[in-house]
Amino acid sequence: IAHQGGDGIWPGDTMFAFQNAADLGVDVLEMDVHITRDGVLVLMHDETVDRTTDGTGDIESMTLAELKQLDAGYDWSPDEGKTFPFRGQGISIPTMEEVFQAFPAMRMTIEIKKTNVSMSKPFCELIRKYDMQNKVLIASFHDERLKEFRTECPEVATSSAKNETTVFVLLTKPFLGSFYSPKFHSLQVPEESGGITVMTPAFVKAAHERNLAVEPWTINDEATMQKLIDWGVDGIITDRPDLMMKVLGR
């Protein structure tokens, strides 16, 4: 699962990254969706454009036209700011619709980011318009946003929100995971959180007993990738899909 299309090797959440990840042969593209001031769904990791582009401001306060003027490859650097090889290369902020149009056969994990305005209705309409219901998995750290998306788009699979993940993790510690009836299909989790080790063989086993996929993030070294594969995880979210493909022997 290429995190932002592979943010460790090219500017993440861009068409450039998604195309390169698809060309590598990854199974799933991962991305982050926001809504603009004029109601268009666009892709970027942060709530503001400051960290990755040559602009400043909240995405939600900007129009699509304003966002399209920005250089989405401006601040990406492979060497901690010594060089910026993707500046001025015409890399722009993509819309969700552009990605659906460009990759109709690709599976995608799409994270709903923190917004003031709900995007559930237009997002669901877009998924249905491009017949992506069985190709996308919707994620969010924000329980309320995920809850309203499930109500709006019940036919689309979701991963666990933050509180749901916490409940499942805590129940698996005393082996009570089988008593939990989840509303989600996948557990996308870090290796550890708040001093609690999340990823263990027992956690993977408990999830599989509930017919839940386990897709840890963000795993960027070959040794950990191989360890998690040996534990039987269903997917690995990584900034380095090139290394992941090497580990898989593809």
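Where in segment 90-122 does the amide nitrogen come within less than 16 Å of the point 7 Å from the Cα of Asp54, taken along Cα to Cβ?
90-93
Beyond a 19 Å Cα-Cα separation, which of these cross-linked pairs lie in this structure: Lys147/Lys183; Lys114/Lys147; Lys121/Lys147; Lys114/Lys173?
Working: Lys147/Lys183 9 Å; Lys114/Lys147 13 Å; Lys121/Lys147 12 Å; Lys114/Lys173 30 Å.
Those over the limit are Lys114/Lys173.
Using the beta-carbon distance between Ala105 and Glu80 and R0 = 35 Å, what value does 1/(1 + (r/R0)^6) give for FRET efficiency, to the nearest 0.05?
Values: r = 36 Å, r/R0 = 1.04.
It comes to 0.45.
For the chain, give the share of DSSP beta bridges that are antiparallel, in percent and rounded to the nearest 5; count only bridges with both residues there. Working shown, then result.
Details: 7 of 25 bridges.
If we restrict to bridges inside the chain, about 30 percent are antiparallel.
With every protein chain left in place and a probe of 1.4 Å, what is the accessible surface of Tyr74, to the nearest 10 Å²?
80 Å²
Can you tell me how much longer the chain between Asp221 and Ile196 gets when fully stretched, taken as 0.36 nm per residue apart minus their C-alpha distance, in nm with one decimal? Before the final figure, lay out each step's value.
Details: separation 25, 0.36 × 25 = 9.00 nm, distance 2.09 nm.
Net length gain for the segment: 6.9 nm.
From Cα pairs below 8 angstrom and at least 6 apart in sequence, can you work out the relative contact order of the chain, rounded to a whole percent?
On the way: 477 pairs, mean separation 43.3, N = 250.
After rounding, I find 17 percent.
Work through the residues other than Gly25 whose Cβ is under 15 Å from its Cβ and net out their charges, Lys, Arg +1 and Asp, Glu -1. Display every interim value, and only then the final one.
Details: positive: Arg107, Arg240, Lys246, Arg250; negative: Asp23, Asp27, Asp242.
Residues near Gly25 contribute +1 overall.
Which value at 222 nm does the chain reach when only helices count, each DSSP H run of 4 or more adding -39,500 (n - 2.57), with the total divided by all residues and rounded to the nearest 500 deg cm²/dmol?
Values: 9 runs with 79 residues, N = 250.
That calculation yields -9000 deg cm²/dmol at 222 nm.
Run the numbers on segment 101-231 and let me know its relative contact order in percent, using alpha-carbon pairs under 8 Å that are six or more apart. Working shown, then result.
On the way: 160 pairs, mean separation 23.1, N = 131.
Value for segment 101-231: 18 percent.
Among residues other than Arg250 whose Cβ falls under 12 Å from its Cβ, what is the net charge (Lys/Arg +1, Asp/Glu -1)? Mind showing how you got there, number by number?
On the way: positive: Lys246; negative: Asp27, Asp242.
Summing Lys and Arg as +1 and Asp and Glu as -1 gives -1.
I want to check the label-to-label distance for Glu97 and Arg128. Put each point 7 Å from Cα in the C-beta direction and report it in nm to one decimal.
Using points 7 Å along Cα→Cβ, the separation is 1.7 nm.
Carbon-plus-sulfur fraction of the accessible area of the chain, 1.4 Å probe, in percent? Each step should come with its number before you reach the end.
Details: 5920 of 11690 Å².
Carbon plus sulfur share of accessible area: 51 percent.
The values are calculated or read from the model by the stated rules, or taken from the named source; none is laboratory data. If you're wondering where the values come from, they're calculated on a predicted model, not measured in any experiment. A quick note on method: Cβ atoms are made from the backbone with ideal geometry, for glycine too, and the neighbour counts reach across all protein chains shown. Quick note on the areas: whole protein, heavy atoms, side chains included, nothing else; ligands and nucleic acids left out. Shrake-Rupley method; radii C 1.70, N 1.55, O 1.52, S 1.80 Å.
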